[in-house]
Amino acid sequence: MAALFPLVLTRPVASQSTQSVRMTVSDDGHVFRMDGADVSYVFGVNNQQQLQTIYWGRRLAPEDHFPAPQSGRGYASFDLPINVTQHEFVGWGGGLYLEPDVKITFPDGNRDLVLQFVSSKLESDALRVVMKDISREVYVTLHYAMDRETGIVRRWTDIENRTGAPFTIEQAAAGTFNLPRSADYHLHFLSGRWAGEWNVRDEAIRGGKIVLESRRGSTGSQNNPFFAIDRDVSTNQEQGEVYFGALAWSGSWQISVEQDAFQQVHVTGGLNAFDFGYRLKSGETFETPAFYGGFSDHGLGGASRLMHRLEIDSIVPGAPHPRLRPVLYNSWEATEFNVDEAGQMALAEKAASIGAERFVMDDGWFGKRNNDSAGLGDWYVNPQKFPHGLKPLIDKVHSLGMQFGLWVEPEMVNPDSDLYRAHPDWVLNFPGRPRTEGRNQLVLNLARPDVRAYVLGFLEKLLDENQIDFLKWDYNRNWSEPGWPAVPPEDEKSVYYDYVRNFYGILAELRAKHPQLEIESCSGGGSRVDLGVLRYADQVWPSDNTNPVDRLLIQNGFTYAYSPGLMMAWVTDSGNVPGQAAYSLSFRFLSSMQGALGVGADLNKYTPAEMAEAKRLIADYKAIRETVQRGALYRILSPENDRERSATEYVSRDGKQVVVFAMLITGMEHYAYPTLKLHGLDEDAMYKLTAFEGNAERGTPAVASGAYWMHRGLDPALYGNFQGAGFTLEKVEAQ
Ligand code: GLA
């Protein structure tokens with residue numbers, strides 16, 4: 001058996017953590033092992049020189065050794081051996097019927113690609129493994145890194161052409177994650193639509209393939225590039241083994257979950273192969289997006305907490321110490337396009353008076369933008385609405401002690417705009433075909449160098465000339481007619497890749513030149529939320545639907561994959577239809593305080609009493625926000641089950657503060673709220689309960705042990721409809 005030479009890698013420790021990742025290669029160079037947090041991931045070179053998964057799951061002992069793997073044996077003449085093996089990365093060729101990681105067409109028509117192991121290299125905190133086609137000079141480098149806090153594996157792949165002639169990549173994944181053999185897996189995923197994003201769905205994984213995807217040119221909300229897989233019966237929010245992951249890509253993507261003929265499950269993630277083609281010249285290298293995969297044996301809740309940790313500690317700008325989200329005010333639902341200097345100044349004063357820390361002016365400030373039919377693309381300040389430019393408003397906002405933020409939608413154009421009149425060829429289009437509009441707008445082809453330069457240029461100018469602290473970056477439609485007539489036909493389909501690369505490139509350049517600038521990714525709501533854009537975006541907008549009841553469901557789904565600390569949640573007037581039951585301000589705030597709090601209501605309509613209540617609740621939020629935004633989230637009562645109740649719990653990283661939100665959407669008369677058994681407390685420590693909003697049932701102790709709150713639980717006193725309560729439990733320090 002091969003001995004393992006451990007190489008212990010410790011990155012500079014920025015948090016309190018002392019964790020490290022241990023990466024090892026066997027002495028014959030054929031078995032690779034990563035151990036980090038609670039996870040081990042092992043793969044190796046098999047007897048066919050293919051890369052094969054050996055083990056992925058709960059961390060093993062360092063003494064556990066693995067021999068190099070043996071490829072699957074063929075079964076009859078119908079399932080050639082290549083289809084029986086759990087490949088880390090496989091080309092389409094050699095009789096493969098399963099989802100390939102890469103498919104290439106060579107100029108001579110040859111489409112066979114059989115990759116074999118060449119070499120490996122351990123470098124700083126990553127592993128590189130090189131494969132090559134059996135006869136052609138196609139090199140594929142697989143990159144692996146493991147996050148030390150979560151054990152989540154990050155994989156991406158470079159495809160290099162050294163053949164001397166261009167070839168076309170028709171499919172490219174970061175790689176494949178293989179699950180231990182079992183016939184009872186279940187897939188959980190997120191799907192939705194505009195204003196109804198983030199529904200949690202699940203499906204049994206049986207013979208065949210489930211494809212989660214976007215063909216829309218961007219991430220989309222029909223599916224989010226996230227998966228979680230557990231076993232049929234044994235898992236719930238807090239128990240059971242879960243394999244999960246997400247793709248870091250904001251363009252058309254696909255994650256295919258395939259159970260092969262031998263009941264092995266393969267999860268392959270990368271670019272969407274549909275309508276894709278990338279002509280790679282000789283000497284060039286193509287880099288796939290990254291695909292992350294993790295393991296938890298603490299149920300779907302445990303998987304979510306690891307995702308949150310990964311995002312906050314190693315993905316978003318400023319990681320591992322990103323700034324806490326400021327309380328934001330946004331005027332969109334109050335004024336829509338009717339923005340002007342006096343109106344915005346008045347709202348800014350009101351926003352500051354209740355404790356907002358960032359004031360954001362939304363759509364309508366530029367060009368001839370009075371509604372959604374004109375002006376997009378003309379990024380000059382509207383002189384009627386702001387005769388003195390933005391400076392007086394920005395100065396005012398700053399003098400009130402708030403940051404100033406501005407809405408932009410850089411990648412779009414209204415046909416009724418000066419930009420489109422000057423450059424009708426700048427949009428995605430097929431010549432001679434209709435240009436299908438969505439919200440009266442077309443998509444600029446950001447893959448074009450001139451469009452990239454224009455977008456970066458106007459944003460640079462805006463940021464250089466104004467003291468802007470924050471951009472809300474919107475993207476209000478998906479693609480149609482994705483043609484790029486300016487390039488040779490054989491290069492047109494690379495638009496799916498080049499567009500996204502340029503999008504990231506612009507964000508990276510803006511952030512490098514303006515280190516204090518923060519950015520929100522918004523796409524008419526939650527249609528561009530993924531681990532790719534989160535490298536450049538400090539926060540995201542989950543949905544245009546701000547109804548506080550609908551939001552409980554939306555936020556519940558969002559947090560399966562993404563941290564509450566990235567999730568903007570505004571208190572608005574939405575859902576308060578005249579003549580129908582109104583949601584109290586308290587209920588609306590409690591719904592939004594479960595993420596990064598904002599206010600989007602028309603403060604001009606608030607009574608003095610409502611202003612005072614809002615001010616008090618914002619102050620309450622500031623006292624708990626670090627726990628909500630950084631803590632460990634437990635979904636105690638999930639609204640996805642019955643839509644009657646929702647309860648969430650957040651435990652701060654230092655374990656000293658616990659925050660609980662209990663929401664009753666609709667209750668039967670005289671029925672008490674379920675007892676909330678808390679999680680993640682120290683059994684022996686004492687915790688002091690405070691209801692900052694609403695009450696606990698009479699008889700609830702003011703101070704009790706962690707064991708009490710976890711096993712006896714907390715009873716919120718909630719009766720009726722649209723009621724909420726908020727609690728903190730503070731750890732009582734031993735005397
Ligand atoms: C999108 C956003 C909204 C708002 C409007 C402005 O719908 O999601 O929040 O900014 O655009 O047009």
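The values are calculated or read from the model by the stated rules, or taken from the named source; none is laboratory data. Here the structure is a predicted model, which is why all the values come from computation and not from measurement. Glycine also receives a Cβ, built like all others from the backbone with ideal geometry; neighbour counts cover every protein chain displayed. Side chains included, ligands, DNA and RNA excluded: accessible areas come from the protein's heavy atoms. Shrake-Rupley method; radii C 1.70, N 1.55, O 1.52, S 1.80 Å.
Figures for the structure shown
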quantity	calculated
FRET E, pair GLU465, GLN516, Förster distance 22 Å, beta-carbon r, rounded to 0.05	0.90
Above-threshold pairs, the threshold being 20 Å between Cα atoms, out of LYS350/LYS605; LYS622/LYS656; LYS615/LYS656; LYS677/LYS731	LYS615/LYS656
Dmax and Rg, reported as Rg then Dmax, of region 4-315 (C-alpha, Å)	18.8, 57
Inter-label distance for ARG501 and ASN371, nm, one decimal - labels placed 7 Å from Cα along Cα-to-Cβ	4.1
Percent RCO, i.e. relative contact order, over the chain, from Cα pairs under 8 Å lying at least 6 residues apart	9
Lysines whose Cα lies under 17 Å from that of LYS472, excluding same-chain neighbours fewer than 8 positions away	LYS461
In Hz, Karplus ³J(HN,Hα) per residue of region 636-653 (6.51, -1.76, 1.60; θ = phi - 60°; x = Gly, Pro)	7, 10, 8, x, 5, 7, 9, 6, 9, 9, 8, 9, 10, 10, 10, 10, 5, 4
Overall Cα dimensions of region 45-146 - principal axes, largest extent first, Å	48, 36, 20
Computed log₁₀ I(q)/I(0) - Debye formula, equal Cα scatterers, no solvent, the chain, q 0.05, 0.06, 0.08 Å⁻¹	-0.26, -0.38, -0.67
For LEU531, residues with placed amide H under 5 Å, excluding near neighbours	LEU247, TRP249
Accessible surface, per residue, of region 20-60 when the full set of protein chains is kept, probe 1.4 Å, Å²	28
Translational D in µm²/s for region 433-559 (Stokes-Einstein at 37 °C, 0.692 mPa s, Kirkwood Rh from C-alpha pairs)	201
Bridge type composition, region 292-431 - antiparallel percent by DSSP, nearest 5	10
Whole-percent carbon and sulfur share, accessible surface of the chain, 1.4 Å	50
Cα-based shape type of region 342-439, given that a ≥ b ≥ c are square roots of the gyration tensor eigenvalues and the cut on a/c is 1.5	prolate
Debye log10 I(q)/I(0) for region 284-423, one point scatterer per Cα, at q = 0.12 Å⁻¹	-0.71
Whole-number accessible area per residue in Å² for region 637-732, which is evaluated in the context of all protein chains at 1.4 Å	46
Anchor LYS103: lysines whose Cα lies under 28 Å away (excluding residues fewer than 8 positions away in-chain)	LYS121, LYS132, LYS209, LYS281, LYS493
Note, ³J(HN,Hα) from phi for region 39-51, Karplus 6.51, -1.76, 1.60, rounded to Hz, x at Gly and Pro	10, 10, 9, 10, 8, x, 9, 8, 5, 9, 6, 8, 8
Segments 95-101, 605-611 sorted - mean Cβ within 10 Å per residue, highest first	95-101, 605-611
Within the chain, helix-based [θ] at 222 nm, where runs of 4 or more DSSP H residues each add -39,500 (n - 2.57), nearest 500	-5500 deg cm²/dmol
Unit charges on C-beta of K, R, D, E only; dipole of region 4-315, Debye	340
Dipole in debye (nearest 20) - the chain, about Cα centre, beta carbon charges: Lys, Arg +1; Asp, Glu -1	360
Kirkwood Rh (inverse of mean 1/r, distinct Cα pairs), region 328-630, angstrom	20.2
Amide H contacts under 5 Å for THR85, placed H, 5+ residues apart	GLY72
Total charge dipole magnitude, region 328-630, about the Cα centre, Cβ charges on Lys, Arg, Asp, Glu only, Debye to nearest 20	460
Centroid-to-centroid separation of region 577-654 and region 472-500 [C-alpha atoms, Å]	39
For region 704-735 versus region 522-565, the gap between their alpha-carbon centres in whole angstrom	27
The chain: DSSP helices with Cα axial extent of at least 15 Å and average Kyte-Doolittle hydropathy no lower than -1.0	299-310, 341-354, 449-465, 495-513, 548-561, 608-630
Region 353-370 and region 267-293: distance between their alpha carbon centers, rounded to Å	39
Approximate shape of region 637-732 as ellipsoid semi-axes (Cα gyration tensor, √5λ), whole Å, largest first	23, 14, 11
